[in-house]
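K.L.:
Right, I'll just put the structure down here and ask away after.
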Amino acid sequence: MAQSVLTINLKSIADNWRSLDKLSGPDVETGAVLKANSYGLGISMVAPYLANQGVSTFFVALAKEGREIRQLLPDNVRIFILSGYMRDDIHLIKQFDLIPILVSQEQFIRYSEDIPDHKFGLQLDTGMNRLGMEPEHFLAQKDNICNLNPELIISHLSWAEERDHAMNKIQLNNFRDLTQGLDTPLSLSATGGISLGKDFHFDLCRPGIGLFGGLPFEEALPVVSLEIPLIQIQNVVKGEGVGYNTAWIAKRDTTLATIAAGYADGLIRSLSNNSIVYANGIPCPVVGRVSMDLITVDITDLEMVPDYFEMLGANQTINELAEQASTISHEILTSLGQRYYRSYVL
Ligand SMILES: *Cc1c(COP(=O)(O)O)cnc(C)c1O
């Protein structure tokens, strides 16, 4: 069957979590961010596995993502909702014991009216201007909010993957100023912030992409491999064009392999004419446009044509593929499609 195989190594995810955890002190908790179906890798597999390995705090974007894992996890595991509190979510939050991280003054007011006794967290805006309660709103309500014992106060860095960027220090100082004197647990860092050193760690770190092999966590073990089956071999002569809009023209007599995955599977079109797949460890260029279900590869120089070509794996990481596609590894992972045969390694 012409089906590609996506292999997800849960053990490597857990190893990456342990390595990230070691980068902060013993008093700093390391949670796991599993939004967007665990970065496309299957939250119902990843979350229970990590809980079993000692992760006790999870973050997802939406209440419905929290519902998906609540029953798979021990009761004492916390599930935070990064988008905060939307009124439609009231039943999910109560029934599935989710903790919204409130992101604005409006959310705080609405939440304290609707579910006054329920746990909550708070996100502060320290300069990213995406999500988070504005500093002036927080300062005006600080006592009021803190008397209700938030579980966690967080903020998010906008430049953490660049160590020396001035924004890191600015956001750190803003976060410190705003939270001075509080005994609420604090969290500032995702994967990038962890490597900025202990000033950035506070009480809890929240890595996502680093768990799955992505930069800026350089030491990450690769987690996914993707093998794509060969469906046809073609010979073209010098000067012939290949694929939609003849986006590639043979400069020599060429042997092509057509393999069975395309942009519908998350191999985005910017990989056209501009990426590599591996045949038993030998690099072969992708030629022509990536189409919905198919990719064409120049295999003229191969001595042996394999049944499967490696798009991700030992020879090519998500970071390398992301670079070829002019994007980040987060997008490569969350784009991975639903048609793959998914195999989990424990
Ligand atoms: C996505 C996200 C994270 C995790 O970020 P990574 O770069 O994937 O480690 C942490 N905190 C918040 C608020 C996020 O939105």
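The values are calculated or read from the model by the stated rules, or taken from the named source; none is laboratory data. What you see is a predicted model, and the numbers here were worked out from it, not measured in a lab. All Cβ positions, even for glycine, are placed from backbone atoms using ideal geometry, and neighbour counts span all protein chains on display.
K.L.:
Which condition breaks for Tyr85 when tested against (1) part of a helix (DSSP H, G or I); (2) touching a helix residue (DSSP H, G or I) at 6+ places or on another chain (Cβ under 7 Å); (3) of a type outside the set (A, V, I, L, M, F, W, C); (4) more than 28 Å from Ser12 (Cβ to Cβ)?
P.N.:
Single failed check for Tyr85: (1).
K.L.:
Now a separate question. Of everything in segment 180-203, what is buried (at least 21 other Cβ atoms within 10 Å of the Cβ) and closer than 20 Å to Lys142 by Cβ? Give them in sequence order.
P.N.:
Ser187, Leu188, Phe202
K.L.:
Looking at segment 152-194 only, could you name the residues that are under 19 Å from Gly210 (Cβ atoms) and hydrophobic (A, V, I, L, M, F, W, C)?
P.N.:
Ile154, Leu157, Trp159, Ala160, Leu188, Ala190, Ile194
K.L.:
Now for a different question. Do we have any residue at all in segment 131-151 that's within 30 Å of Phe212 (Cβ to Cβ), buried (at least 21 other Cβ atoms within 10 Å of the Cβ) and touching a residue at least 40 places away in the same chain (Cβ under 8 Å)?
P.N.:
no
K.L.:
Which residues, counting only those in segment 226-266, are within 30 Å of the chain's Cα centre (by Cα) and either on the phi > 0 side of the Ramachandran plot or buried (at least 20 other Cβ atoms within 10 Å of the Cβ) (or both)?
P.N.:
Leu226, Glu227, Ile228, Ile259, Ala260, Ala261, Gly262, Tyr263, Asp265, Gly266, listed by residue number.
K.L.:
Would you mind telling me which numbered condition in (1) more than 30 Å from Arg18 (Cα to Cα); (2) modelled with pLDDT of 95 or more; (3) touching a strand residue (DSSP E or B) at 6+ places or on another chain (Cβ under 7 Å) Arg206 fails?
P.N.:
In the conditions (1) more than 30 Å from Arg18 (Cα to Cα); (2) modelled with pLDDT of 95 or more; (3) touching a strand residue (DSSP E or B) at 6+ places or on another chain (Cβ under 7 Å), Arg206 misses (1) alone.
K.L.:
Which one of these is part of a helix (DSSP H, G or I), over 14 Å from Gly210 (Cβ atoms) and in contact (Cβ under 8 Å) with a residue 12 or more places away in the chain: Ile79, Ile90?
P.N.:
Details: Ile79 fails: part of a helix (DSSP H, G or I).
The conditions single out Ile90.
K.L.:
Taking segment 322-346 as the region of interest, how many residues are in a loop (DSSP other than H, G, I, E, B) and within 17 Å of Ile8 (Cα to Cα)?
P.N.:
Taking segment 322-346 and keeping what is in a loop (DSSP other than H, G, I, E, B), we get 325-328, 336-340, 346.
Okay, now just the ones that are also within 17 Å of Ile8 (Cα to Cα), so 336-340, 346.
Here the count works out to 6.
K.L.:
Another question about this same structure. Please state which of the following conditions Asn76 fails to meet, knowing it meets all the rest: (1) at pLDDT 95 or above; (2) more than 25 Å from Phe108 (Cα to Cα); (3) surrounded by fewer than 17 Cβ atoms within 10 Å (Cβ to Cβ).
P.N.:
Condition not satisfied by Asn76: (2).
K.L.:
Taking segment 1-48 only, how many residues are farther than 24 Å from Glu331 by Cα and part of a loop (DSSP other than H, G, I, E, B)?
P.N.:
Looking only at that region, the number is 8.
K.L.:
Related question: Can you tell me which residue within segment 100-115, out of those that are in contact (Cβ under 8 Å) with a residue 24 or more places away in the chain and surrounded by fewer than 19 Cβ atoms within 10 Å (Cβ to Cβ), is farthest from Arg70 (Cα to Cα)?
P.N.:
Gln105
K.L.:
Please go through segment 184-208 and give me each residue that is part of a helix (DSSP H, G or I) and either more than 11 Å from the ligand (Cβ to nearest atom) or not assigned by TED's automatic domain parsing to the domain that holds Leu122 (or both), ordered by number.
P.N.:
Of everything in segment 184-208, those that are part of a helix (DSSP H, G or I) and either more than 11 Å from the ligand (Cβ to nearest atom) or not assigned by TED's automatic domain parsing to the domain that holds Leu122 (or both) turn out to be Lys198, Asp199, Phe200.
K.L.:
Given the condition touching a Pro at 6+ places or on another chain (Cβ under 6 Å) and within 23 Å of Ile194 (Cβ to Cβ), answer yes or no: does some residue in segment 76-88 qualify?
P.N.:
In the first step, residues of segment 76-88 are kept if they are touching a Pro at 6+ places or on another chain (Cβ under 6 Å); the result is 81, 84-85.
Narrowing further to those that are within 23 Å of Ile194 (Cβ to Cβ): 81.
Yes.
K.L.:
I'm told Asn245 meets every condition in (1) more than 22 Å from Gln3 (Cβ to Cβ); (2) part of a loop (DSSP other than H, G, I, E, B); (3) modelled with pLDDT under 95 except one. Can you identify the failing condition by its number?
P.N.:
Against the list (1) more than 22 Å from Gln3 (Cβ to Cβ); (2) part of a loop (DSSP other than H, G, I, E, B); (3) modelled with pLDDT under 95, Asn245 comes up short only on (2).
K.L.:
Tally the residues that are modelled with pLDDT of 95 or more and either within 16 Å of the ligand (Cβ to nearest atom) or in contact with a Phe, Trp or Tyr (Cβ under 7 Å, 6 or more places away or on another chain) (or both), restricting the search to segment 160-178.
P.N.:
8
K.L.:
Shifting gears a bit: Out of the residues in segment 125-146 that are out of contact with any helix residue (DSSP H, G or I) (no Cβ under 9 Å at 6 or more places or on another chain) and of a type in the set (D, E, K, R), state the one that is nearest to the ligand (Cβ to nearest atom).
P.N.:
Taking the candidates together, the pick is Arg130.
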